[in-house]
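Visitor: The structure's right below; bear with me while I get my questions together.
Any read-out appearing in this document is the output of simple, stated calculations on the displayed coordinates, not a laboratory observation. Everything numeric here is computed off the predicted structure, so don't read it as measured data. Backbone-built Cβ (ideal geometry, glycine too); neighbour counts: all protein chains shown.
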Amino acid sequence: MSDLDPFKRRAVELGLVLLARLGVPAAAASWVLELLLIAELAVLLAVVAGAAALLDRAAERGRAPALVAGAFAAVGLAALRLLGTLYRAPGASLGALLLRWDHLVFAILVGCLLGRLSLAARTRVVIALSLAVLARYVGLEVIGVIVAGCLLGFAAARWAPTCRPGVREVTQGLVMLGVAAVFWRMRATDWPKALTGFGLFQYVLLRHVSFVVDAARGTPVSLERYVCYVFFYLNCSGATEIYHDFVERNLRAPPARIDYRAAVAKVIMGAVCITGALHVPDSKDAMLSSPTAVLAWWNLLRAFFRGGLFMSGTWATIEGGALFYGFRLRPNFRGIFTAANPSQFWRAWRGTMTNWLIEYVYIPLGGRRNPTVSILGAFVVSTAWHCLGVPFASPQTYTAATFAPILAWGAVNFVGVAAHAAVRRRRPARTYPQPLGAAVRAAKTAAAVCFGSLTVALLGFSFGGAERFPAFACTLVGLARWCRGR
């Protein structure tokens, strides 16, 4: 990333000069350099965001209009130059782009300019930018297929003959199956492109379902809002927002003044978490080859901590980047290490997905009036959705057994969440005196972390290493010798 990112490249060069002048020992140089880079990133974003905030205030007060207009013109030219840099040297993936320093500065500059536009113009600019970025990273053909399918689905949702109950479901299902079929055929000739396209389409599919259901419920819709909601590039892949929620937060009224301080804080917190995660040893191989249950669980928890910390940091950076644009996203991966039960863990791990399942599966099935069936339905849908990606992730090697870890994942999660809900119905939460209350909370949190680490590991097996799943499962429950004997 530092080779492509001019801001980070210069920060590394400056950090190395400082380390040399301070005479930092070689053993500590890596750590010190990383701390310096976080500090330099904080200074860079604070300076640029502070200048943008000052410009916003000057425009609001109407002082020195010619000077302010010239400043905004300079901001626009700088943003265009950075966009050219990002487009010429895009990097390996969309996820990597979102963590780049030059991209974060670009977001601040564009957000400053968007604040001067009407809501409609702001929405159109975000749509154009999102589609351009996605075309660059996933390919014009891939984004063209998905956009075409979404536009057909949107038209069907607004056309009277195809928006009647029953007809609507069949029509929308056929449109989305058509998009999936295109990627299935592409899988045989260009597997990497099909994998990238279907990975994006899986999240677009859930967003489109949200739009169709909300439109049928009477939520005001428009093509611009729909396209912005589905393809906002900062979170279109990896998160599942709900249509009416996203629109209410971001597309119903002109944005309030951008909270630059909160945005910078989120980005720096994300940088700290990502840096910390990368210093936790990768214990996946050790976990799979652990000879005893104790070692297997220890390595499993380490892998979970590493992955959870990295995902928390990544999402904090994405939230900060969206705030620079004036967009507020629903949180993901917030509170995963402090959850006290399986339900809290899944509200924290990928909160947008859980929120989608509650809104469109759990509540329609009865919710708290029929909790066990509702929870079962939610995890059946989630399990099926995860299974869709297996043939694309392992096109040559997947078999029926490849799905076993995902099915186990769904079963474990259903049992854990349903059991917790059943206990809570019979035994409401108690308040304990201190220090007993702290001890009980710590024990519950430890159990929830163990539950979460197991379920996350199960899900990972179906996307690589499914053949090692039976031996690993035996080791976890202390039956490694028995399994090897068989």
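Visitor: Over the range 135-255, calculate the relative contact order: mean separation of alpha carbon pairs under 8 Å at least 6 apart, over the residue count, as a percent.
Guide: Computed over the range 135-255, the figure is 23 percent.
Visitor: Once the Cβ-Cβ distance between residue 177 and residue 450 is put in as r, and R0 is 56 Å, what FRET efficiency do you end up with, to the nearest 0.05?
Guide: Efficiency computed from Cβ-Cβ geometry: 0.90.
Visitor: Loop-only check: which trypsin sites (Lys or Arg not before Pro) in the range 257-357 are DSSP coil with at most 12 other Cβ within 10 angstrom?
Guide: Of the trypsin sites (Lys or Arg not before Pro), the ones in loops of the range 257-357 whose Cβ has at most 12 other Cβ atoms within 10 Å are 257.
Visitor: Residue separation times 0.36 nm, minus the C-alpha to C-alpha distance between residue 217 and residue 9: what's the value?
Guide: Full extension from residue 217 to residue 9 adds 69.8 nm.
Visitor: Right, another one. Could you list 244, 208 so that the one with the fewest beta carbons within 10 Å of its beta carbon is first and the one with the most is last?
Guide: 244, 208
Visitor: Return 432, 260 ranked ascending by Cβ neighbour count within 10 Å, so the fewest neighbours appear first.
Guide: Exposure proxy ranking, most exposed first: 432, 260.
Visitor: Express in nm, to one decimal, how much length is gained between residue 369 and residue 78 on full extension, taking 0.36 nm for each residue of separation and deducting their alpha carbon distance.
Guide: The span from residue 369 to residue 78 would gain 99.2 nm if fully extended.
Visitor: Same structure again: Looking at the range 1-70, which trypsin sites (Lys or Arg not before Pro) are in a loop (DSSP not H, G, I, E or B) and have at most 10 other Cβ atoms within 10 Å?
Guide: Listed in order of number, the matching sites are 63.
Visitor: Kindly identify the range 335-485 as rounded, prolate or oblate by the Cα gyration tensor criterion: order the square roots of the eigenvalues as a ≥ b ≥ c, call it rounded if a/c is under 1.5, otherwise compare a/b with b/c, prolate if a/b is larger, else oblate.
Guide: oblate
Visitor: What are the lysines whose alpha-carbon lies under 28 Å from the alpha-carbon of residue 193, with same-chain residues fewer than 8 places away excluded?
Guide: 284
Visitor: Okay, next question. Can you name the helices of the chain, as whole DSSP H runs, whose Cα span along the helix axis is 30 Å or more and whose Kyte-Doolittle mean is not below 0.0?
Guide: Those that clear 30 Å and a mean of 0.0 are 26-61, 65-88, 167-189, 191-216, 293-325, 404-426, 436-461.
Visitor: Here is a further query. Can you sort 398, 360 from fewest to most other Cβ atoms within 10 Å of each residue's own Cβ?
Guide: Final ranking by Cβ density, sparse to dense: 398, 360.
Visitor: Does the range 153-278 classify as rounded, prolate or oblate by the C-alpha gyration tensor (a ≥ b ≥ c root eigenvalues; a/c under 1.5 gives rounded; else a/b over b/c gives prolate, otherwise oblate)?
Guide: oblate
Visitor: Could you check the spin-label model distance between residue 24 and residue 253? Points 7 Å from the Cα along Cα→Cβ, value in nm.
Guide: Each label point is offset 7 Å from its Cα along the Cβ direction, giving 4.6 nm.
Visitor: Along the charge dipole of the chain, which of 213, 184, 55 sits closest to the positive end, that is, farthest toward it, with unit charges on the beta carbon of Lys, Arg, Asp and Glu (+1, +1, -1, -1)?
Guide: Of the options given, the answer is 213.
Visitor: Still on this structure: Is the chain rounded, prolate or oblate when judged by the Cα gyration tensor, a ≥ b ≥ c being the square roots of its eigenvalues, rounded requiring a/c under 1.5 and prolate requiring a/b larger than b/c?
Guide: Verdict is oblate for the chain.
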